[in-house]
Amino acid sequence: MGELPVDINIQEPRWDQSTFLGRARHFFTVTDPRNLLLSGAQLEASRNIVQNYRAGVVTPGITEDQLWRAKYVYDSAFHPDTGEKVVLIGRMSAQVPMNMTITGCMLTFYRKTPTVVFWQWVNQSFNAIVNYSNRSGDAPITVGQLGTAYVSATTGAVATALGLKSLTKHLPPLVGRFVPFAAVAAANCINIPLMRQRELQVGIPVTDEAGQRLGYSVTAAKQGIFQVVISRICMAIPAMAIPPLIMDTLEKKDFLKRRPWLGAPLQVGLVGFCLVFATPLCCALFPQKSSIHVSKLEPELRAQIHEQNPSVEVVYYNKGL
């Protein structure tokens, strides 16, 4: 076997991102929870392989499959714009184990106000970490701005959950089981824009097809954040809508009545099963490298792009996850 060629485009995912199937295969790899078990040395080794290859240096003896594996290990742990290592629970590979635990508990302990407040706070704190870790662009955000965004996001989410809970007091118990989903859906509309407010203030980088940076766009940031909100809400639907229906039926059976302690682990397991598929499939709803027509950009940026390169009609950006 000869040495691996240096013209494999590992700047892009391995599979065609213009199709839903290609994006789904990509995100099944990115969100694989097994990536969490990799050591720091393994992550650094993958980063070295990828960075060396991009610089034209091929690691001796490496195969194409090993190169792609290194790329996906690298992508699973390092931010695409800043290059910084993402905190463990902020990585997309942590979505299934973290969300199955938190969501399972939200669906199990939905009856009492203190537990509603606690688990909604835990969920929105986790979401705040994920939203910040997977933001688009490399614009810095101060500790003060981050703290304000976190407090606003979690407070708004918890208040929404409590408000919805109070509205269901006189409704059938099954309706009450869906309060956590309604709260999470509403909270995503609050948490994501707040934790990524810096993008809405200064914009996110937009590039041409070759990756050459052309400027910063708030319009692109709004479109990207909107797509992420839709993806996250869709991601929550199977995990928060299917288990309540199953549990409502099972809790009427003698088996669970005699073993009530099985309720929580069973609920967590059902949520986990749903999330294994919902997480990558909903991440795949929109391309991570999204595009927007130049005519839809801000007038100043549009004029700047036309002056620099009149042939550019579409620009690209990382929408975040």
Query raised in the report: Taking region 70-104 as the region of interest, how many residues are of a type in the set (Phe, Trp, Tyr) and open to solvent by 20 Å² or more (accessible area, probe 1.4 Å)?
Result: 1
Query - So Leu250, is it at pLDDT below 80, within 30 Å of Thr31 (Cβ to Cβ) and out of contact with any Asp or Glu (no Cβ under 8 Å at 6 or more places or on another chain) - result: yes
Query raised in the report: Quick check: anything in region 105-114 touching a Leu at 6+ places or on another chain (Cβ under 9 Å), closer than 29 Å to Gly215 by Cβ and open to solvent by 30 Å² or more (accessible area, probe 1.4 Å)?
Result: no
Requested in this report: Would you point out which residue out of Val151, Val130, Val117, Val122 is outside the structural domain of Val30 (by the TED database), of a type in the set (A, V, I, L, M) and open to solvent by 60 Å² or more (accessible area, probe 1.4 Å)?
Outcome: Val151
Requested in this report: Name, by its number, the condition in (1) in contact (Cβ under 8 Å) with a residue 60 or more places away in the chain; (2) open to solvent by less than 60 Å² (accessible area, probe 1.4 Å); (3) within 27 Å of Ala128 (Cβ to Cβ) that does not hold for Leu67.
Outcome: (3)
Query raised in the report: Condition test on Val314, is it surrounded by 12 or more Cβ atoms within 10 Å (Cβ to Cβ), in the same structural domain as Pro193 (by the TED database) and under 15 Å from Thr219 (Cβ atoms)?
Result: yes
Requested in this report: Report those helices (runs of 4 or more DSSP H) wholly inside region 209-304 carrying at least 2 residues which are touching a Gly at 6+ places or on another chain (Cβ under 8 Å).
Outcome: 218-250, 263-283
Requested in this report: Only residues that are under 29 Å from the mean Cα position of the chain (by Cα) and open to solvent by 90 Å² or more (accessible area, probe 1.4 Å): list them for region 294-311, please.
Outcome: Lys296
Query raised in the report: Pro180: at pLDDT below 75, crowded, with 21+ Cβ neighbours inside 10 Å and assigned by the TED database to the domain that holds Tyr150, yes or no?
Result: yes
Report task. Could you list all residues from region 49-74 that are charged (D, E, K, R) and either in contact with a helix residue (DSSP H, G or I) (Cβ under 6 Å, 6 or more places away or on another chain) or not in a helix (DSSP H, G or I) (or both)? Result -> Lys71
Requested in this report: Exactly one condition in (1) modelled with pLDDT of 75 or more; (2) surrounded by fewer than 17 Cβ atoms within 10 Å (Cβ to Cβ); (3) touching an Asp or Glu at 6+ places or on another chain (Cβ under 7 Å); (4) not charged (D, E, K, R) is not met by Leu174; state its number.
Outcome: (1)
Query - Residue that is modelled with the lowest pLDDT [pool: residues in region 1-48 that are among the acidic types (Asp, Glu) and part of a loop (DSSP other than H, G, I, E, B)] - result: Glu3
Query raised in the report: Do we have any residue at all in region 80-91 that's hydroxyl-bearing (Ser, Thr, Tyr), out of contact with any His (no Cβ under 7 Å at 6 or more places or on another chain) and more than 29 Å from Asn127 (Cα to Cα)?
Result: no
Query raised in the report: Filter region 9-36 for residues that are open to solvent by 30 Å² or more (accessible area, probe 1.4 Å) and farther than 20 Å from Gln95 by Cβ; which is farthest from the chain's Cα centre (by Cα)?
Result: Asn9
Requested in this report: Check whether at least one residue in region 234-257 is of a type in the set (D, E, K, R), open to solvent by 60 Å² or more (accessible area, probe 1.4 Å) and either in contact with a His (Cβ under 6 Å, 6 or more places away or on another chain) or farther than 22 Å from Phe178 by Cα (or both), and report yes or no.
Outcome: yes
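The values are calculated or read from the model by the stated rules, or taken from the named source; none is laboratory data. From a predicted model like this one, the values you see are computed outputs, not experimental measurements. Counting neighbours? That spans all protein chains shown, and the Cβs are built from the backbone with ideal geometry, glycine included. These accessible areas exclude ligands, DNA and RNA; they are computed on the full protein's heavy atoms, side chains included. Shrake-Rupley method; radii C 1.70, N 1.55, O 1.52, S 1.80 Å.
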